[in-house]
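Presented below is the structure to which this report refers.
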Amino acid sequence: MGSGNILYVLRLGGLKLLLLLLVSIAGFVLLHLAPGDPLSQFTLAPGMTAERLAQIAHGMGLDQSLWRQYLHWLYGIMTGDWGRSFRDQAPVLGIIVSHLAATVELGLAALMISFTLGVGMGLLGALRSGRVLDDVTSVVSIVLFSLPTFWLGLVFIYVFSVRLHWFPTGNVSSPGDRSVVGYLRHLALPALTLGLVSVPVWSRYMRTFAGEILKQDQIRTARALGLSSGRIIVHRLLRGALLPMIPVAGIYLPTLLSGALVTETVFSWPGIGRLFLDSLQYRDYPVVMGALMFSAILVLLSSTLAELVHHAADPRLRA
């Protein structure tokens, strides 16, 4: 690795750490300024007194100034202590990890759906530029982009669960059914909901990149040499268009996580998104901040990895 590449990695890493710090500050301040009080859940408890409430606030660290609370929390994050939930005193990191698998499984299923449909639609639009099929794929992409995630999820539940009884309404399993087929039936609707609203992310970029490559001399030369359309698409067009699509993965993850907040709630899917909203409702500050930071770390790591892979794969960037 040359000195230029080392400087690139260091600069990129420093920028991501700065962004992570800014996210933590903004999230911590906004969370504590929002209406609501985590102590409200204790005020109606039998025998609760002002002295006892003050002791609880002291144990939670809520009697300190905001900047002291932040520095204490930040030190804990840096040393691996993510704190404990206000509700049940369980370790925050353990709570997040227990919900991680559900979000990863939902995300991977949604990624397969969105990537396959998005790349396919973008490729069709580029190959049929200016024709009816191009217009159709553009309209479909715009419609999917405009659909609210919660609305699409509710429509799927009504049509496929309530009316047709093809799929369960939500959760990860039914009582007494732990089979793989049963799990996939529960996964189908939330994955389809999250995947479809993410299709335009891939479709738009694929349409642009493939359209640019189709105008290059290498495509005209390949056609002049008598190469079949299939070989041109697979060996020239797809390979050339997928390379600049690598950074799109870094753009996709934030879209995926924001969509997961709604999707997991609509379908009662026990992932990090639902954990975040449930904890926000109860003003469980440590869990909310833990889920926020965990998601931010995943987003920044994925975008950094995508940029590094793109930098290594594209010879023009290494020059």
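The values are calculated or read from the model by the stated rules, or taken from the named source; none is laboratory data. In this text the structure is predicted, and so the values were computed from the model without any measurement. Note: ideal-geometry Cβ built from the backbone for every residue, glycine included; neighbour counts use all protein chains shown.
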Which of the residues that make up the stretch 261-279 are in contact with a Pro (Cβ under 7 Å, 6 or more places away or on another chain) and not in a helix (DSSP H, G or I)?
-> F267, W269
Report yes if L242 is buried (at least 19 other Cβ atoms within 10 Å of the Cβ) and under 30 Å from L152 (Cα atoms), otherwise no.
-> no
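Condition check ((1) assigned to a helix (DSSP H, G or I); (2) touching a residue at least 60 places away in the same chain (Cβ under 8 Å); (3) surrounded by 13 or more Cβ atoms within 10 Å (Cβ to Cβ)) across all residues:
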| residue | (1), (2), (3) |
| --- | --- |
| G80 | no, no, no |
| V97 | yes, no, no |
| I113 | yes, yes, yes |
| L117 | yes, yes, yes |
| L123 | yes, yes, yes |
| D134 | yes, no, yes |
| V143 | yes, no, no |
Which ones in the stretch 262-291 are hydrophobic (A, V, I, L, M, F, W, C) and surrounded by fewer than 21 Cβ atoms within 10 Å (Cβ to Cβ)?
-> L277, L280
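Evaluate the following for S258: is it under 16 Å from G122 (Cβ atoms) and either without any contact (Cβ under 8 Å) to a residue 12 or more places away in the chain or assigned to a helix (DSSP H, G or I) (or both)?
Here the answer is no, as S258 does not meet what is asked.
Here's the yes/no breakdown for (1) farther than 18 Å from L261 by Cβ; (2) among the β-branched types (V, I, T); (3) surrounded by fewer than 21 Cβ atoms within 10 Å (Cβ to Cβ):
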{"residue": "P148", "(1), (2), (3)": "no, no, yes"}
{"residue": "G153", "(1), (2), (3)": "no, no, no"}
{"residue": "H165", "(1), (2), (3)": "yes, no, yes"}
{"residue": "N171", "(1), (2), (3)": "no, no, yes"}
{"residue": "R185", "(1), (2), (3)": "yes, no, yes"}
{"residue": "L189", "(1), (2), (3)": "no, no, no"}
{"residue": "L192", "(1), (2), (3)": "no, no, yes"}
{"residue": "Y205", "(1), (2), (3)": "yes, no, yes"}
Where in the stretch 1-68 are the helices (runs of 4 or more DSSP H), entirely inside, with at least 3 residues that are closer than 26 Å to F294 by Cα and at pLDDT 80 or above?
-> 3-33, 50-60
